[in-house]
Amino acid sequence: MALPQRKTDIGPPHYKDFLPPVIQKNYGNWKYHEELSGGLMVHVSNTGEKIWTVRVASPRLLSTVTIRDYAAMADKYCGGYVRFTTRNNVEFLVSDEKNIEPLQKELTSKKYMMGGIGDRISNIVHTQGWVHCHSAASDASGLVKALMDEFADYFTTKTTPAKVRMAVACCVNMCGAVHCSDIAVVAIHRKVPKIDDDKVKNMCEIPSTIAACPTGAISPDPAKKSVKIKEDKCMYCGNCFTVCPPMEIHDPEYDGVAIVVGGKVGNLRSNPKFSKLAIPYIKNNPPRWPEVTKAVKGILDAYIADAKKHERVGEWIERIGWEKFFKVTGLPFTFQHIDDFTIARETFRTAATFKW
Amino acid sequence: MPKKYQTPLLDELEKGPFPSFVTEIKKAAEKSDMAADELGQLEKSYRDRRGYGKHGGIVGVRGYGSGVIGRYSSLPEEFPNVANFHTVRINSTSAFFYTSKFLNEMCDIWDKYGSGLTNMHGSTGDLVLLGTNTENLETIFAEFSSRGWDLGGSGSALRTPSCCVGPARCEWANIDTLAINYAITQEWQDEMHRPAFPYKFKFKTAGCAVDCIASIARADCSIIGTWKGNIAVDQKEVANYEKGGMNIQEEIVNMCPSKCMSYNGKELSIKDADCVRCMHCIAKMTKALKATGEKGATILIGAKAPFVIGATLSWVIVPFIKMEPPYDEFKDLIRKMWEFWDEFGKNRERIGELIIRKGMREFLEYLGLDPVPQHVKEPRRDPFFFWSEADLAK
């Protein structure tokens, strides 16, 4: 069968062709919105017209079977219109109020989870992990599933002091927004790469391999036409492995995850912040990483118990102080918590004010 | 019939209320040999606590240097159907709106030529098709492009730009994020499909400082909508919020970072000249407060994940720019930035890293921008500053 005629550099289709008619009519003319439940909100236009959004969790990794089911429900209740959020939720855009309940009923009967709107835990943004990434130090989808099962009530009904945004990255490359999340899990390696000199010679470009190292730990090994690593300078980031695969960094015995807290991207109340280290290492324990879910739950519970309304995790910690954070969470403070990378001195306490 | 694998570990991840990715892979594995082997290989990863994805040769479609990422199994003999497991990035629509018609067509193509597995969406915002063979790539591209869809970016190229839901369904949007996102994507198709940059470059457009697209953390160029006028206050709605149980003093006034608000129990007053436009009060009292006056965007540059010098957030380059079609001023500014990067950037150096290495002064001078206090959190503390001949002559 002949192939259809290919076209190049046409870019994506125009978004207007994918907007429900009520959105086309009220584009840029919305007046306000109301959160009606964990998984339902309504936007009201200056003309009085409304659009309801029913938000549903997805695992991001979706089969065509499930996407076809979304499409079928969109046809049945939404005039065929559906969108995805930046946090991998699915949003059914309902223009006719009487379709909301039947849609919610069908979603419930099919065990879809509605929620994620407002001051709750929304879906966890994450990376590819063991599904196919070459540099993963843990699996991302499995960690997300275990965490979201634990916090399902906070997605659907229960509320938190402010929204809680979580992320999981399967290595320090951080394809997810781990570096600016309320609570995030980042997988780490802890052993120096093992160099296969014969393969490095044939497969790798030495200068770019050396340049990939953030700490200058890699130098040429001219005798072997390979490279060598100054072990005490290596921080196991794996950037060299990405550039030069025969520098094997995986080590199932020592790989695992770290937990970081207190980041945000919004400018509300306080400026955007990076996440900071709370727990330097938890062993990989698939399939459900019970130690990780327990640790995250400990931090979340401390936050819920003590934070003021609208305070994000990072704002709560800044108000109470980091020494208090470690105290109320019971987390040990270790050498790994004290920065020794590029901005280390900015993080040292240059004041005599702190709590006991 | 695709091969059936025993997956006792992954089966544990089908339990619990949250939708399961394992169930998704199993659904695809009923029809696809590739998805079946993916499931088998993933079970082995769970057993061995390590991934079996592998780097390999570059693959793509004719005339393009990006859009497809070659992925391979490091265990091709054990799992032959994922020996190739290439990723195809389809450029998503602005703000991820779709029709059922397109989704069904996409599924038809992908069931025929791929594993039936997707990511909706990848971290950068592409519609990601997970797992196909090299020989299917041209066919997949012809099927999509003939229906009006194109590939996204990969490698040292412009990556697929993305934006928040903006004016399509949000009352806070100061700029038309969907239109800007579409315009950027169409303007720079060549930059996206034929990698010619020192490294990757990402645009993200947010309608306001709530930044639902995480532009300040995740884009080399963050475009954040803002305004110059006052916040209009509807005192009747303020009263309604109080009646509804809101503690306006605690929740709004005390949480204002610039302390520009006061509330006497009846009226909420705002000293607009002191407002920094953080969006807290507007977001919490959306019926009562509204940004008015001149609208535009703040352009910030440089966010990236930790490699190589540590993670960075974008920083202000242009505090305020009008963002209206055809966006000529903005486009010229970006071209000038890319010229600077092309001239001085090293291989695999992001534009933010280059600015840090060369100094803000060189970058701003190259762009022809004057220094303003909005560029910094605070002036320098050290006494080590440069004087050019021109400075001395002043």
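Values quoted throughout were computed directly from the atomic coordinates according to the rules given, and no laboratory measurement underlies them. Just so it is clear, the structure is predicted and the values come from calculations on it, not from any experiment. Every residue, glycine among them, receives a Cβ derived from its backbone with ideal geometry; neighbour counts consider all protein chains shown.
Brief remarks on what is shown
- Over segment B:129-287: Rg over Rh, Cα atoms, Kirkwood Rh: 1.16
- The per residue volume of the convex hull around the alpha-carbon atoms of segment A:15-109 is 109 Å³.
- By the equivalent-ellipsoid construction on the alpha carbon gyration tensor, chain A comes out with semi-axes of 41, 29, 18 Å, ordered largest to smallest.
- Modelled FRET efficiency - R0 25 Å, B:F320 with B:K358, Cβ distances, 0.05 increments: 0.50
- MRE, 222 nm, helices only [DSSP H, n ≥ 4, -39500 (n - 2.57), over the protein assembly as shown, to nearest 500]: -8500 deg cm²/dmol
- Excluding same-chain neighbours fewer than eight residues apart, the aspartates and glutamates reachable from A:K98 by a Cα-Cα span under 16 Å are A:E49, A:D75, A:E106.
- On the principal axes of its alpha-carbon atoms, chain B has extents of 72, 64, 42 Å, going from largest to smallest.
- Expressed to the nearest 5 percent, the antiparallel share of DSSP beta bridges inside segment A:121-276 is 65 percent.
- Dividing the radius of gyration of the alpha carbons in segment B:77-195 by their Kirkwood radius gives 1.01 for Rg/Rh.
- Counting only aspartates and glutamates at least 8 places from B:K331 when in the same chain, those with an alpha carbon closer than 14 Å to its own are B:E187, B:E191, B:E339.
- Candidates B:L42, B:L137, B:L151, ranked by Gaussian network fluctuation over chain B, Cα under 10 Å, top entry: B:L42
- Treating r as the C-beta distance of A:S109 and A:E34 and R0 as 30 Å, the FRET efficiency rounds to 0.70.
- C-alpha long axis of helix A:290-306 to longest principal axis of chain A, angle in °: 60 degrees
- Dimensionless Rg/Rh of segment B:231-291 - Kirkwood Rh, Rg from C-alpha atoms: 0.90
- Among B:A303, B:A183, B:A239, the residue with the largest mean-square fluctuation in a Gaussian network model of chain B, with springs joining Cα atoms closer than 10 Å, is B:A239.
- Tensor-based shape of the protein assembly as shown (alpha-carbon gyration tensor, a/c under 1.5 rounded, otherwise prolate or oblate): rounded
- For segment B:8-146, the number of Lys pairs separated by eight or more positions or lying on different chains, with C-alpha atoms closer than 28 Å, is 20.
- Between B:K377 and B:K228, the FRET efficiency from the beta-carbon distance, with R0 = 22 Å, is close to 0.55.
- For chain A, the list of Cys residues with no other Cys C-beta under 4.7 Å reads A:C78, A:C133, A:C170, A:C171, A:C175, A:C180, A:C213, A:C234, A:C237, A:C240.
- For segment A:194-248, the Kirkwood hydrodynamic radius comes to 10.8 Å, computed from all pairs of different C-alpha atoms.
- Within the same chain, lysines fewer than 8 places from A:K228 are excluded, and of the rest, those with a Cα less than 22 Å from its Cα are A:K191, A:K194, A:K199, A:K201.
- Helix axis angle, A:100-109 relative to chain A longest principal axis, alpha carbon, degrees: 50 degrees
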